[in-house]
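The values are calculated or read from the model by the stated rules, or taken from the named source; none is laboratory data. Just so you know, these numbers come straight off a predicted model, no measurement behind them. Quick reminder, even Gly has a Cβ in these numbers, built from the backbone with ideal geometry, and neighbours come from all protein chains shown. Note: accessible area is taken over every heavy atom of the protein model, side chains too, but ligands, DNA and RNA are not part of it. Shrake-Rupley method; radii C 1.70, N 1.55, O 1.52, S 1.80 Å.
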Amino acid sequence: MQENYEHYISRNIKALYRKRLAGPILYLLFTAILWTCLPIHPVLSPTMLTSVSDMQNFHKHGEVYVSSSIKDLKFTGYTKTRFGKTIGYYYYLYNTDKNECCIVLLSPTTCEQGLPQIDEIFIRGKILYTDAHHQTLLSNLSEDLDWTTLGIRTKVSSYYLSEPDFRYFEGLLLVVVLAASSTFALISIILSILYILRPDFSPPCRVLRAFGRPKELLALAEEELATLPQLATEDMFITEHFFIEISRYGIALVPIQEIIWIYKHSTLHKLFWYHFSISYTLSITANNHIYIHCPKNIKSDIDGIIDYLSEANHDILVGFNEANRRKIQAIQGDPFHFERLIALLKKRI
């Protein structure tokens, strides 16, 4: 027994946080792939397009997210809709140097729901190759101008600049979400590594600060557990001075003399209408608002733990009832002052 429980608590704390390393590491790899694959940087820092006539060259080099200052835009009279909602207004400008007409799709707010003419405007947009909407626009324009479809396509560029497809705010939101979640994952990795190197810094041991120095109390608990536990179940242990839980649901240890209330409650497990098992949870309340829950145990194990703890510390209240709840509230107080808040709200109402 001594060999089995040598540094048993520390070993399980290290094992717990080794397992917890996998999730954040995988998430960081996932976000790294997203940073690489998604066009996040081009959206946040688009290339400057000095002339819309250069859209074809930009598109060939993969620089589709651009910003540009455009002059002399005229409304075509046509709009683009998506799911029954107008998302853009088609404008055109004519480049006399290249004898070419270029199409620009502006968002409704930018063009104020279709201004007839815009002298100059600065926009961020995405360069798109001709699509079904663009083809329909050219066909309608050719009829309006009494041109052939082939004739208008020789004058109008096959690429157009779309402001609604730029999605700047969506890209910015994605960056914020990825940055925040990646930071959280990185902090989780750092903390897990710290807890592996120094188990006494881990949350199960930090709780012991309310009762003394965590490192010393952890060492004492490990020594008592390795020497001779007073009572042991599958995942709960009692030593001379400590109650210890080590299970797949978590790790907890608390000095027995600090425990003030213990009780158990049952949980009925069922699948649809079939009841297939009952499990029991041991709930422990200690001084300084320390709460420990040991779920999914068998009744005989919990009864043995309760009997031993109540004998080891006669001040422990046993059983869940209103009288015990009020006694504990009188001892610990209400940390969130719920009852005072409710009384105040009732008074104001």
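A few remarks follow.
- Residue in the stretch 143-153 that is in contact (Cβ under 8 Å) with a residue 60 or more places away in the chain and either out of contact with any Ser or Thr (no Cβ under 9 Å at 6 or more places or on another chain) or under 30 Å from Tyr89 (Cβ atoms) (or both) present: yes
- In the stretch 284-295, the condition of being open to solvent by less than 10 Å² (accessible area, probe 1.4 Å) and not in a strand (DSSP E or B) is met by no residue.
- Output for the stretch 76-119, where each listed residue is assigned to a loop (DSSP other than H, G, I, E, B) and surrounded by 12 or more Cβ atoms within 10 Å (Cβ to Cβ): Lys98, Ser107, Pro108, Thr110, Cys111, Gly114, Leu115
- When residues of the stretch 40-52 are limited to those that are within 17 Å of Asp165 (Cα to Cα), touching a residue at least 24 places away in the same chain (Cβ under 8 Å) and out of contact with any helix residue (DSSP H, G or I) (no Cβ under 8 Å at 6 or more places or on another chain), the one least open to solvent (accessible area, probe 1.4 Å): Val52
- Within this structure, Tyr263 fails the test of being part of a strand (DSSP E or B), within 32 Å of the chain's Cα centre (by Cα) and aromatic (Phe, Trp, Tyr).
- Test for Met55: is it more than 15 Å from Val175 (Cβ to Cβ), in contact (Cβ under 8 Å) with a residue 60 or more places away in the chain and more than 19 Å from the chain's Cα centre (by Cα): yes
- Qualifying residue in the stretch 298-315 (condition: crowded, with 16+ Cβ neighbours inside 10 Å and assigned to a strand (DSSP E or B)): no
- Inter-residue pairs, beta-carbon under 6 Å, first within 28 Å of Asn57 (Cβ to Cβ) and in the stretch 99-126, second open to solvent by less than 20 Å² (accessible area, probe 1.4 Å) and aliphatic (A, V, I, L, M), 6+ apart: Cys101/Val156; Cys102/Val52; Val104/Leu161; Ile118/Leu73; Ile121/Ile70; Gly125/Leu161
- Filtering the stretch 120-136 to residues that are assigned to a strand (DSSP E or B), surrounded by 11 or more Cβ atoms within 10 Å (Cβ to Cβ) and of a type outside the set (Ser, Thr, Tyr) leaves Ile121, Ile123, Arg124, Gly125, Lys126, Ile127, Leu128.
- Considering only residues in the stretch 137-153 that are among the aliphatic types (A, V, I, L, M) and open to solvent by 50 Å² or more (accessible area, probe 1.4 Å), the one that is nearest to the chain's Cα centre (by Cα) turns out to be Leu150.
- Among residues that are at pLDDT 90 or above, crowded, with 16+ Cβ neighbours inside 10 Å and not polar (S, T, N, Q), Lys14 is included.
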